[in-house]
Every structure is written in structure tokens, then in C-alpha cells.
Amino acid sequence: MLGNLIGPELKELIATRNFTALREAFADWSAADVAECITDLADDEQAILFRILPHAQATEVMEYLDADAQQVVLKAMGTAEAARVLNDMSADDRTALLEELPGAAVVQLLQLLSPEEKAIAQSLLNYPEDSVGRLMTPDFIGVRDGWTVQHVLDYIREHGHRSETLHVIYITDERGILIDDLRIAELLVAPLQTAVTELRDSNFVALRVTDAAGQAIAVFRKYDRSVLPVIDSEGKLVGIVTVDDILDLQEEQTTEEMQKISGVEALEEPYMEAPLLELVRKRAVWLVVLFIGQMLTATVMGIFEGEIAKAVVLALFIPLIISSGGNSGSQAATLVIRAMALGEITIADWWRVMRREIFCGLMLGVLLGTIGVVRIVVWSNFTTGYGQHPWLVGFTVGTAVLGVVLWGTLAGSMLPLILRRCGLDPATSSAPFVATLVDVTGLMIYFTAAVLILRGTVL
């Protein structure tokens, strides 16, 4: 029945209030699938669907819902039901929910928690925003150095249901200082009487609770871990961060970066849920800045008005020059911004980046410039539009393209590094911004080359 249940059938069950059939339909669904189904429904239907779920399943589904859907179902719950779900949620998922709510709502929800869970929630919320402390959960398995494997396994059987994950077990001393970590596989294959001391090597990686959340992404990637411990300033183990939270964070940061690179202020909610006026405001700021910048192209063309009047043919290639420089600059900016985000390059690598881009710019400029020269010379055999000196016009365009492409690659690659050096977000050196900068300067390069090469002939 479940495999063949489609959207219209599900909505019909909701409309007819056939709660028994709905409960049976979702009994074998994974929490992630149920959450996806709920999110696709209208707000009132989301609440109906959620409330018919068994408590254990409802708690798990709540952790997979997005922030808006979580708020909808919470409002539909009774106080007792909301308290049960919030108390049973993973600490990190509950923190993510509370972060999205207004202060007054957070205070009300905290009152629904048990004293133990309330203390945990408040301690996590007290960490700086966008820090590792906000991502972690205190639900982990910690054992002592002197225990045997048998003792550890017995402890896991008794307390393991409370842990976020059992993939890794953490060894601490009597003060809670992290000594080492052990993969569960190492314990399962070891003799039961083996002491934990014999298995550990004190070679572990840990995050600090005050580290920026973005740093955790790099650490997970570097060491290829699914979970990492979190320690405080004294080295005490206070929690763990799991890879599912890192994946969510990575998606959020990548989305924000892509929006900035495209010349849009980062949206604070999904595109379809963003208010229209907010969407306009986020886009208008950069569009106005870029529009004003593009006005400088008219100023540059005014400076060379006399040259254009003498050789109208020069105006034909303005779009070609502008697009070549803008495209090469946008490419370089995107590559460098992404490399910086992945930790592949830093500010100290500026000379290496510049050297590479000089050679790239020269080779790309020669390639495009040659194509431009060949096109003009060949086409001059079929038209008189290029005047009596097509070779000189072609050489002018080819030289300008070489110069503009070289300048575009340099500007696009260096601007993100300069912004980072100034403490600004490199992603703000968006492709449209670089393109606008190169457009204005590219025209100057083009007309300067034309004056130098065509003087005494066309000009």
C-alpha cells in the first residue's frame, strides 16, 4: 500500500480525516521521507499529518523538518505534546530550531523542557552564533582509560541509546579531559579483557567549542571524519559534532556564496518563501551599484568621441571587447573565490596566483585575439565595412583583446585576495562586479590601442 500511495491519495486521506489509514501508511516510512511529505503540504495539513504520528516517530521526523515546518507543527501541538517532542529531540537539532525563533518564543519553549534539557539548551545557546558550540550535541559515550573492553561494551549497552552516534567512543580522565578516541570496530574485535589503555594511541583530532563553524567543515574534509569531539579551553570533552550537521552547514554556506557571486545579497530564507519586496531589495542594491558603474562606460566613450567619429568601425567591436574582458574576469574571480573557500589558496599565495593568471591571461588573450584578427581579415574580403586597412583594424582589435583579457584575469583573481586582506568577504567580488570594472577599463585599453596603432591611417 505504502509504495503506491501518491500525493492525491494522501491528500484525500487527510481531507476525509482518515487518521487510522494515514498512521498505517506512514508506519514504515523513514523519518526523512515523512518530513519531505509534510513539507510539501499546506500549513494546516502539515499540522494534521504530524499530530497523527506516534511520539517516537514524530520526534525523529521533527528533526528532519525545515525551520518553517517545525514552527507550524509546534504551534499546532498542545503544551504537553510539544514538551515531549522538544525534550526528546537531539540537542543540536533543538538548538537549530530555537535559533530560528523570536526571543519571546524561545523563552516559552525553554519552559517546556525538563531541568536537565533546559540547562543543555541554554548552555548551547550561550555559545557565539556561528560557532562550533551551536552545532554540537552533548550526547556521546565517554569511558575511562582504565576500563576493559568488557566494561566499555556493558556501559554502551546501558547508556548507548542516549548517544547521537556510536561510531566513535571517547576516552576521558577523571576530570573529563579528552585523552583519545576509539572507533567502535576496534573494541568489537579486541579481546574482552583488553584494557582500553592498550588500544589507544593518543592521536586524535578535536574541535574547540569557540571555533568558527566554517572551520569545522575544513577539519571534517581534511581528516575524512563522520564525527569529531568538541573540547573547551581546558581540554574537557563537552560534545560532538556529526557530519549531518556539517553537510547542512556546507549547503548553507555554498548557497550564500553562490548568491553573492551572482551579485545578490544572501537570502535568509528559501527563494520561494522570500517576500517579494525582500527579494527585490536584496537584488536592487547590487544592480544600482553596477548600473552606476556601467555609466562610466559612457564617460570613457565620450573621451574618445573624436576617434569614434573618425573611425565608426571602432564602435562595432565595443561589445566584443567588453564581453571578452568581463568573461575572463568573471572566470578568474569565481575560480579564486572557490579555491579560497576550499582552503586551497590563502592571501600569502597572491604572487603564485598572479603569476599563474598572467600566463593564463596571455595565452587566452592570444587565442581570442587571433580569432578576432582572422575573422576581421577574412570578412573584409566580403564587405567594405572595415575600410581600406582591415589588417590594421584587425591588429588593433586583437591587441585590445589581448590586453583586456589579461587585465580581466588579473583583476578577477586579485580582487578576492585584496578583499580578504581588508577583512571583507571575497564572495562580494562577484562576477557582475568584476565584469563592470573590466568593462570600463577595457574600453580605455581598446581606444588607447586604437589611437596608437591607427594614427595616421584610419585616425
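Whether a residue is out of contact with any Asp or Glu (no Cβ under 8 Å at 6 or more places or on another chain) and exposed (fewer than 14 other Cβ atoms within 10 Å of the Cβ) was assessed, and ALA339 does not pass this test.
Taking the stretch 188-245 as the range and being buried (at least 21 other Cβ atoms within 10 Å of the Cβ) and without any contact (Cβ under 8 Å) to a residue 24 or more places away in the chain as the test, only LEU228 passes. Among the residues of the stretch 81-110, those that are over 19 Å from ARG51 (Cβ atoms), part of a helix (DSSP H, G or I) and aliphatic (A, V, I, L, M) comprise ALA91, ALA96, LEU98, ALA104, ALA105, VAL106, VAL107, LEU110. Scanning the stretch 88-105 for residues that are modelled with pLDDT of 85 or more and over 13 Å from GLN70 (Cα atoms) gives ASP88, SER90, ALA91, ASP92. Residue-level analysis places TYR64 among those that are without any contact (Cβ under 8 Å) to a residue 40 or more places away in the chain and not aliphatic (A, V, I, L, M). Among residues of the stretch 448-459 being part of a helix (DSSP H, G or I) and surrounded by fewer than 22 Cβ atoms within 10 Å (Cβ to Cβ), the one that is modelled with the lowest pLDDT is LEU454. Residues in the stretch 135-153 that are closer than 19 Å to SER90 by Cα and assigned to a helix (DSSP H, G or I): LEU135 only. Restricted to the stretch 10-39, and to residues there that are farther than 15 Å from GLU60 by Cα and surrounded by fewer than 12 Cβ atoms within 10 Å (Cβ to Cβ), the residue that is modelled with the highest pLDDT is THR20. Contact map, the stretch 283-308: first residue on the phi > 0 side of the Ramachandran plot, second residue surrounded by 14 or more Cβ atoms within 10 Å (Cβ to Cβ), Cβ cut-off under 9 Å, separation 6 or more or different chains; the map is empty. Looking only at residues in the stretch 114-130 that are touching a helix residue (DSSP H, G or I) at 6+ places or on another chain (Cβ under 6 Å) and not in a helix (DSSP H, G or I), which one is modelled with the lowest pLDDT? Of everything passing the filter in the stretch 114-130, ASP130 is modelled with the lowest pLDDT.
Applying the condition of being hydroxyl-bearing (Ser, Thr, Tyr) and in contact (Cβ under 8 Å) with a residue 60 or more places away in the chain to the stretch 397-418 and asking which residue is farthest from PHE317 (Cα to Cα) yields SER413. List every residue pair whose Cβ atoms sit under 6 Å apart, with the two residues 6 or more apart in sequence or on different chains, where the first one lies in the stretch 348-369 and is not assigned by TED's automatic domain parsing to the domain that holds LEU402 and at pLDDT below 95 and the second, anywhere, is buried (at least 19 other Cβ atoms within 10 Å of the Cβ) and β-branched (Val, Ile, Thr). So the pair list comes out empty.
Elements of the type helices (runs of 4 or more DSSP H) sitting completely within the stretch 154-228 and holding at least 1 residues that are among the aromatic types (Phe, Trp, Tyr) and touching a Leu at 6+ places or on another chain (Cβ under 9 Å): these cover 213-223. Scanning the stretch 342-385 for residues that are over 38 Å from the mean Cα position of the chain (by Cα) and crowded, with 19+ Cβ neighbours inside 10 Å yields GLY372, VAL373, ILE376. Residues considered: VAL440, VAL393. Of these, the only one that is of a type in the set (A, V, I, L, M), under 21 Å from VAL289 (Cα atoms) and at pLDDT below 90 is VAL440.
The values are calculated or read from the model by the stated rules, or taken from the named source; none is laboratory data. Since this is a predicted model, take the numbers as computed values, not measurements. Glycine gets a Cβ as well: all are built from the backbone with ideal geometry, and neighbour counts include every protein chain shown.
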